[in-house]
Amino acid sequence: MAFEIPSDLNPDLVALAWMIGSWEGSGKSSYPGTEDVDFGQRIDFSHNGGSYLHFLSQTYEVDDQGQPVRPLSMETGFWRPQRDAGLEIVMTNPEGWVEVWYGNIQGAKIEIRTDAVVRTASAPDYTAGHRLYGNVEGDLLWTFDRAADGQPLQSYQWGRLRRVG
């Protein structure tokens with residue numbers, strides 16, 4: 001599905017314009033010490049004229065027909081592109097952590113790494129992350145490597161989402 005650059009888009013967001021809108025699809029999670037999980041996902045990127053995108057990701061367990069059964073997790077935050085093709089992101093998760101990410105925008109490829117992960121006392125032991133996002137054949141593909149539970153940084157989740165709406 002093609003996209004249009006909104007007429008009221010802040011010029012600082014042009015490099016991320018392809019992401020604006022809603023995306024739905026599926027993903028997989030696999031990590032030492034946990035059960036592998038197939039999940040459904042929806043990501044929404046929106047703007048209000050400011051120099052940032054609002055990001056909301058929701059994952060959910062699916063049944064055999066791919067229909068949502070129950071929520072798994074959410075994250076929300078703000079993506080702030082920089083004039084040097086850099087990217088700053090602040091995200092939060094209801095499991096009890098806040099992340100600061102830095103990275104680069106290279107056309108339709110985005111690569112980010114955590115600079116800081118701050119956890120509440122009851123949050124899981126998650127200490128670092130690395131993510132890739134890309135527009136591949138019109139779909140949003142992403143990967144998430146993480147360091148948690150005493151494990152080194154390694155593959156954790158990945159997904160493929162299609163533009164909807």
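The values are calculated or read from the model by the stated rules, or taken from the named source; none is laboratory data. Just so we're clear, the structure is a prediction, and the values are computed from it rather than from any experiment. Neighbour counts run over all protein chains shown; Cβ positions are idealised from the backbone, glycine included. Ligands, DNA and RNA are stripped out before the accessible areas are found, and what is left, the full protein with its side chains, is counted by its heavy atoms. Shrake-Rupley method; radii C 1.70, N 1.55, O 1.52, S 1.80 Å.
Output the number of residues of the stretch 3-38 satisfying the condition of being farther than 29 Å from S73 by Cβ and open to solvent by 90 Å² or more (accessible area, probe 1.4 Å).
Summing the residues that are farther than 29 Å from S73 by Cβ and open to solvent by 90 Å² or more (accessible area, probe 1.4 Å) in the stretch 3-38 gives 5.
How do the strands (runs of 3 or more DSSP E) wholly within the stretch 44-162 filter down when requiring 1 or more residues that are open to solvent by 30 Å² or more (accessible area, probe 1.4 Å), of a type in the set (K, R) and within 30 Å of G33 (Cβ to Cβ): which remain?
Details: elements: 53-62, 68-81, 86-93, 97-106, 109-119, 126-136, 139-148.
Those strands (runs of 3 or more DSSP E) span 68-81, 109-119.
I'm trying to understand the selection: among the residues of the stretch 11-38, which are in a strand (DSSP E or B) and either touching a residue at least 60 places away in the same chain (Cβ under 8 Å) or aliphatic (A, V, I, L, M) (or both)? Walk me through it before giving the result.
To start, the set of residues in the stretch 11-38 that are in a strand (DSSP E or B) comprises 21-29, 37-38.
Those that are in a strand (DSSP E or B) and either touching a residue at least 60 places away in the same chain (Cβ under 8 Å) or aliphatic (A, V, I, L, M) (or both): G21, S22, W23, E24, G25, S26, G27, K28, S29, V37.
Looking only at the stretch 68-86, which residues are among the aliphatic types (A, V, I, L, M) and free of Cβ contacts under 8 Å to residues at least 40 places away in the same chain? Write out each step before concluding.
Taking the stretch 68-86 and keeping what is among the aliphatic types (A, V, I, L, M), we get 69, 72, 74, 85.
Within the stretch 68-86, V69, L72, M74 meet the criteria.
Y60 is checked against (1) modelled with pLDDT of 95 or more; (2) closer than 18 Å to K28 by Cα; (3) over 15 Å from the mean Cα position of the chain (by Cα) and fails just one. What number does that condition carry?
For Y60, the exception is condition (3).
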